[in-house]
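Here is the structure we will look at.
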Amino acid sequence: MPAAIDALREWLSPWYLEIKFVHLAAVMAWIWSTSVAYVYYLVPAFQAWRRHPHDAGVIAQRDWVIDRFDRGAVIEHIAFPVVMISGPLLYWVGGWDSSATWLTIKLLIVFGLFVPIECFDYHLSHLGGNKRHALARGGPDHRERKLHQHWWFLLLTTPLIIYFTGIVVFLAVTKIGVGP
Amino acid sequence: MSDNVPSPVFSGSPRRYRRLALLLGIGSHALLYGGMVLIEWVWHGRAWIVGSGPIAFTAVSALLLTLLGYHSLMFVDAQYPPAARRSRHDRGPSP
């Protein structure tokens, strides 16, 4: 079995740069695919709702925007598994290990923060937390609860994602020497 | 613009955002620094990670994220500007 794994690694090693291309393309889609919708559509609609929480027109607009946003997150949520497959593949094929401290920090951020965030995001956008599904399953009150939950999620993850994606991309590009 | 309808009130508030920003800044850095200590010091026996440099860097970074987190929470959830200073832009786009 180890011989077969070594053979597979040997076979993949000439494709390192191609795997890296797939990884980078997926990372770009994961980071940026929802940004315009979030900044220019979702946030203004929710800010209007926070200032006028009982205005029927504002609520209708908020509900439409979050429904579209749930669907728009599909690109991000296809890209993320591609990142999570191509990244470890690069680590393995490239022969990286924990002596590269910049990579250890990067992987800690990815597995310690991004993976849990994305798991919850899948739930909110496509599974039990999807607002369209929530309305069909539990009625308007259930949908409203899920929407509030999603808004909490977006509020709390926005600074984390901005801060730590910046650090992760910086580490990946510069491969800066950290430690001894 | 439209009719008023009863709607549950969102539970976010500036006081809550201060606590949450602290939690985000300190919690995330405790997790990452703890992970680095486990990997570098406990696993590989490399003591540099418990030196003053990495600890100071982690503390400054946690402070930065706490400040960014607080301002982000307040801005994204429409707590800026305060109600008294809101202008004609306060409603956002018309439906």
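Non-local amide H neighbours of A:D55 (under 5 Å, H modeled in plane, Pro and chain starts lacking H): which ones? Residues meeting the criterion, in which the H sits 1.01 Å from N, are B:V5. For the range A:15-78, the extents of the C-alpha atoms along the principal axes are 56, 16, 11 Å, listed from largest to smallest. Normalised by the number of residues in the range A:47-173, the average gap of Cα pairs under 8 Å and 6 or more apart makes the relative contact order 25 percent.
Mean residue ellipticity, 222 nm, helices only, chain A: the sum of -39500 (n - 2.57) across DSSP H runs of n ≥ 4, divided by residue count and rounded to 500, is -27000 deg cm²/dmol.
For the range A:83-153, averaging the sequence separation of C-alpha pairs within contact (under 8 Å, six or more residues apart) and dividing by the residue count gives a relative contact order of 16 percent.
At 25 °C and 0.890 mPa s, grab the translational diffusion coefficient of the protein assembly as shown from Stokes-Einstein with a Kirkwood Rh over Cα pairs, rounded to a whole number in µm² per second. Each step should come with its number before you reach the end.
Working: Rh = 21.0 Å.
Answer from the Stokes-Einstein relation: 117 µm²/s.
Mind jotting down the distance between the C-alpha centroids of the range B:1-77 and the range A:1-73, whole Å? With the range A:1-73 and the range B:1-77 each reduced to a Cα centre, they are spaced 22 Å.
The C-alpha atoms of chain A define a longest principal axis, and helix A:56-93 lies at about 10 degrees to it.
Here, each number is a calculation from the coordinates, and none is a lab measurement. In this text, all values refer to a predicted model and were calculated from it rather than measured experimentally.
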